[in-house]
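Below: the structure, in structure tokens.
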Amino acid sequence: MGLVPGLIKGLGVTGGTILRTVFPDGIKKPIPNPVKGAETVQYPHEKEEPTARARGVIALHEENCTSCMLCARECPDWCIYIEGHKEKAPPRRAGGKTRQKNILDRFDIDFALCMFCGICVEVCPFEALFWSPEYEFSEPRIADLLHDKSRLSEWMETVPDFEDYEAGSEAKKLKVPPT
Amino acid sequence: MIASLLASWNDDYWVQTLLRVGAGLVAVILVAGTLVMLHLFKMVSFMQSRLGPMEAGPFGSLQLLAEVGKHLQKEDILPTKADKFVFSAAPFVVLSSTFLLVVVLPGGPDAWFIQNDLGIYLAMAVSSVSVIGILMAGWGSANKYSLLGGLRATGQLIAYELPLILAVVGVVIQAGTMNLQGIVFAQADGEIFGWGGIGNPYILTQFVAFFIFMIAMQAELTQAPFDMPIAESELVSGYMTEYSGMRFLLFFIAEFATAGVFSAIAAVLFLGGWSVPGIDPTDNIMNVLGPLVMFLKVIVLTFIVFWVRFTFPRFREDQLQRLAWKFLIPLSLANIVVTAIFKVWI
Amino acid sequence: MTDISDRQQLSYIAAQAADARVNLELETEGMTLNIGPQHPATHGTLRIVAKLDGEQVIAADPVMGYMHRGYEKLTEVRTYPQVTTLINRIDWLGSFANEVPFILAAEQLMEVEAPPRAQSIRTILFEMSRIANVVLFLGDMAVQVGAVTPVFFAFRDREHILNQIEAVTGGRFHPNFDRIGGLKDDLPAGWISETKQVMKKMRAFCDEIETLVLGNEIFQARTRGIGVIPADIGLQYGLSGANIRASGVDWDVRRDNPCGLAYDQVDWKVWTHPDGDSFSRFWVRLQETREATKIVDQLLDTIPAGPVMAKVPRIIKVPAGEAYVETENPLGVMGYYVVSKGDLVPYRVKIRSASFNNMSISPWLLKGVYVPDIITILASLYFILGDIDR
């Protein structure tokens, strides 16, 4: 049969785990508290906090968007639908040329198709798209997964501030525009 | 087991039978249910750093009711090519062997189902009936996987019957009787080197037999490391693959009930059964305390069974057979010889 | 297409059909068992058609392709950042590792080198994806052999690595972080010290698995001497990674051809094992996981300061040319052969995936083994269906 100790040590590992789960505070406080000792999170009652960079849902800051269509073009799934029109805007100072402004009519992201890759957020030259770690937006109907302009703007409130970088980094910290 | 307490109440044969049958149902199903709940759902989940069922009832205690309800409302699928009678009868055959086993267990000085001098011999003989049930399930499913599982199970269960029985023989020699009640009294009234403090639980002298009995019991219950018949990652569910709904639940209940009953037999043979050190075994209080003590001992032994089940990988079929025939049987025969020598000359 | 005439082709087909009919009629022995494509043991939708004689296998043929997603065709119509997103999903357990050889090949064509900080962080994330992948293997092989508890420990401890990857890249399973010229973003503050804690936990997990699974006599009885691959046969079939190192061949692309990753700055060891059986494959992967934690620890202490992205144009047009880069991915050697014609999209990307070649040995290896051993051997070869079928 060989040496038995290998089997007994294996039992020791699982035995140790059950003791650690039932008595998470160790031998000092032998009160059974498996809810604290288990490594799982009881989802609907407690929720885990994803990290700040987590790719949960995309938020739109409408003022910055100029309908340049870069995000719609670069999306691997073509799930962004943009429609806009041009309008005349008053000149910046008196006596100047009238400017042209792009007004967004429609900016939809279809989250049923979205791969959550982040290419749209990355290529936007005007910092109009941001990642938010919100992940609870499932719907009973697939059609409701198409988030329109107003819903995407609502997600801006959940966008966390950008984090500081590690020492030695030369990257510049970006700012989330205030809503 | 309270049946015999009420013996004085009414001596009619049919009343006695009804009480005993009722008590037997309670003893099997309640114990099986509690074991499933406590050990399978909770204890094993803690071993895996998780909590197990928590939604049904406080801390998931009503999960078993939810499971029973779920299985009852499922469609009863009968495969087209399956032999209808064999397929449908198989779970009942397996369950019936459990009920027959519980008949010989004593729960107290007056709380027993039947008093029979065949005791343990009857139990061992009747426990083999489940093999037929498993073979029926494997063959009647008209499924290659189930057939493989059923054949493996048959080979395994028959091979491990022998160490089981031979381990018991050592205890019988030491106790001098096959009657399980007699074995309990022999342990309760016995003495270790003249000190009668805790009686003489046979686990101390028959530790080899205890070791063999636990291993053989693990194999008889087709628990890992001997669960080749139900090798989940290969045969999906072995002989149980084609079963759904209530029939599947019957197999499930049978598995846990048999675990409970076999542990009860082990508790009687090795741990002193329903006797508690300190209380006189003929005292009337033992009729109420006895079943509870048995229940506790059953929980402890099934804890060990499930602990081993969820820690170890499984043996391959030929390694399993080699273990039984080349290791366990010679060891148990040696145990019998040594016990006989000690009994006759010392 | 060929210069066989139509009539010859038809007679060839007819002969095949006649042979097949005769085989079917004369099939008197053996039972054909279909393992998969829906099966708990095959790591995905793999089908193995096994002809059995009792419990012994006479012949076993893997049938792959149930998960073919057409990656190589897809890459012909996707730009380079989009391709990076897609190829994350080939080996989905250690997904950062899939991006690295492709980006390195594109960088070779563009003649751009990532700055040293980016190379260091790339290597750290590469090794972390190796740990995430192999940790699951350690639990998974235990489940295939019968022990159900180690896989829970594997998932529990893998969460720590995934959390760290999420803290940097934003995605737990599909980081999509590598870019031509460097990385997408830099490390957030506090990440280095957290990751060091995580590496300690992974080493504790490796010790746990060593006691619970490797030291277990039943596991050893199930895996020692099972599925022995001699070194020369393994090399002929194109095995790579831990599979071939477990047969004694000292070959590791990280050491022999680091090419853009920071392995030459770290003090580390290649693990081999002389037997070629399933036990040694498990053993080698366990040691490699420990080694990976040590590599990450050393790299975390010595990340050079600097930018994380080289100067590359905004719209990436890779100049015309061909490049082949292979790296030591968690599953084996993975290589990308990128052919570019100077466009926004690659002209052709050929993906040499490790598991496809690892699986090719299975008909030879599975002859004459018992049914339970099929599962053990396939588990020890460790393939991921996304990697086989792409």
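Karplus-based coupling profile of segment C:336-346, in residue order and whole Hz: 10, 10, 9, 10, 10, 10, x, 9, 5, 10, x, with θ = phi - 60° in 6.51 cos²θ - 1.76 cosθ + 1.60 and x standing for Gly or Pro.
What does the charge count near C:Val296 come to, summing +1 for each Lys or Arg and -1 for each Asp or Glu among other residues with Cβ under 9 Å from its Cβ? Provide the component values of the computation, followed by the final result.
On the way: positive: C:Lys196, C:Lys294; negative: C:Glu127, C:Asp297.
Net charge in that neighbourhood comes out at 0.
The A:Leu19 and A:Glu48 beta-carbon pair, evaluated with R₀ = 35 Å, returns a calculated FRET efficiency of approximately 0.90.
Entry comment: accessible area of the protein assembly as shown is 43 Å² per residue, from protein heavy atoms only and a probe of 1.4 Å. In whole percents, the pair-distance distribution calculated for the protein assembly as shown from its alpha-carbon pairs, binned every 20 Å from zero, is 12, 37, 31, 15, 4, 0, 0. With the simple spin-label model, which puts each label point 7 Å out from Cα in the Cβ direction, the B:Met246 to B:Glu191 separation comes to 5.7 nm. Rounded to 0.05, the FRET efficiency of the C:Asp275 and A:Val41 pair, given R0 = 35 Å and the Cβ-Cβ distance, is 0.25.
The label-point distance for A:Ser138 and C:Thr32, in a model that sets each label 7 Å from Cα toward Cβ, rounds to 4.0 nm. Place a point 7 Å from the Cα of C:Glu111 along the Cα-to-Cβ direction; which residues of segment C:306-337 have their backbone N under 19 Å from it? What the label zone holds, given the 19 Å backbone N cut-off, is C:310-314, C:316-325. Centre-to-centre, using Cα atoms only, segment C:289-325 and segment B:301-334 are separated by 52 Å. Mean sequence separation of contacting Cα pairs (under 8 Å, at least six apart), scaled by the length of chain C, corresponds to a relative contact order of 25 percent. Listed by chain and number, the lysines whose C-alpha is less than 28 Å from the C-alpha of C:Lys294, apart from same-chain residues fewer than 8 away, are A:Lys9, C:Lys184, C:Lys196, C:Lys200, C:Lys201, C:Lys269.
By the Kirkwood approach, averaging reciprocal distances over each pair of separate Cα atoms, segment B:246-346 gets a hydrodynamic radius of 16.8 Å.
The long axis of helix C:371-381 is offset from the longest Cα principal axis of chain C by roughly 30 degrees.
Each peptide in B:334-343, C:121-130 was scored by the mean count of other Cβ atoms within 10 Å over its residues; highest first, the order is C:121-130, B:334-343.
Based only on the alpha carbon positions, what is the Kirkwood hydrodynamic radius of segment C:71-389, in angstrom?
Values: mean 1/r = 0.0503 Å⁻¹.
Final number for the Kirkwood radius of segment C:71-389 is 19.9 Å.
Sorted from largest to smallest, which semi-axis lengths in Å does the alpha carbon gyration tensor of segment B:149-301 give for its equivalent ellipsoid, taking the root of 5 times each eigenvalue? Present the calculation step by step, with values, prior to reporting the outcome.
On the way: eigenvalues 236, 64, 23 Å².
They are 34, 18, 11 Å, listed largest first.
Peptides C:82-94, C:199-211 ranked from most to least packed by the mean count of surrounding Cβ atoms within 10 Å: C:82-94, C:199-211. Charge dipole (Cα centre; +1 on Lys/Arg Cβ, -1 on Asp/Glu Cβ; no other charges) of the protein assembly as shown amounts to roughly 1100 debye. Other residues lying with their Cβ under 9 Å from the Cβ of C:Gly335 contribute a combined charge of +1, Lys and Arg counting +1, Asp and Glu -1.
The Cβ shell under 14 Å around B:Val104 holds other residues with a net charge of 0, Lys and Arg each +1, Asp and Glu each -1. For chain C, modelled as a GNM whose springs connect Cα atoms under 10 angstrom apart, the maximal fluctuation among C:Gly215, C:Gly241, C:Gly342 occurs at C:Gly215. With contacts taken as Cα pairs under 8 Å and at least 6 residues apart, chain B reaches a relative contact order of 24 percent.
Calculate, for A:Ser150 and A:Arg99, the FRET efficiency according to 1/(1 + (r/R0)^6) with r their C-beta to C-beta distance and R0 22 Å; round to the nearest 0.05.
Working: r = 26 Å, r/R0 = 1.17.
That pair, A:Ser150 with A:Arg99, gives E of 0.30.
Quantify how strongly other chains surround peptide C:163-175 by giving the mean number of their Cβ atoms within 10 Å of each of its Cβ atoms. Write out the running numbers ahead of the final one.
Numbers: counts 4, 1, 1, 7, 6, 3, 5, 13, 6, 4, 0, 5, 2.
Across C:163-175, the average partner-chain Cβ count within 10 Å equals 4.
For the protein assembly as shown, the mean residue ellipticity at 222 nm estimated from helices alone is -15000 deg cm²/dmol, where every DSSP H run of n ≥ 4 contributes -39500 (n - 2.57) and the total is divided by all residues, rounded to the nearest 500. Of all complete DSSP H helices in chain B, those with a Cα span along the helix axis of 30 Å or greater and a mean Kyte-Doolittle hydropathy of -0.5 or more are B:13-35, B:144-175, B:245-270, B:286-311. Extending 7 Å from the Cα toward the beta-carbon at both C:Glu322 and A:Ala171 defines two label points whose distance is 3.7 nm. Take each residue of peptide A:16-28, count the partner chain Cβ atoms within 10 Å of its Cβ, and average: the result is 3. Semi-axes of the equivalent ellipsoid of chain A are 51, 19, 16 Å, computed as sqrt(5λ) over the eigenvalues of the C-alpha gyration tensor in descending order.
The values are calculated or read from the model by the stated rules, or taken from the named source; none is laboratory data. In this text the structure is predicted, and so the values were computed from the model without any measurement. Positions of Cβ are backbone-derived with ideal geometry, glycine not excepted, and every protein chain shown enters the neighbour counts. Please note that ligands, DNA and RNA were not included when accessible areas were found on the heavy atoms of the full protein model with its side chains. Shrake-Rupley method; radii C 1.70, N 1.55, O 1.52, S 1.80 Å.
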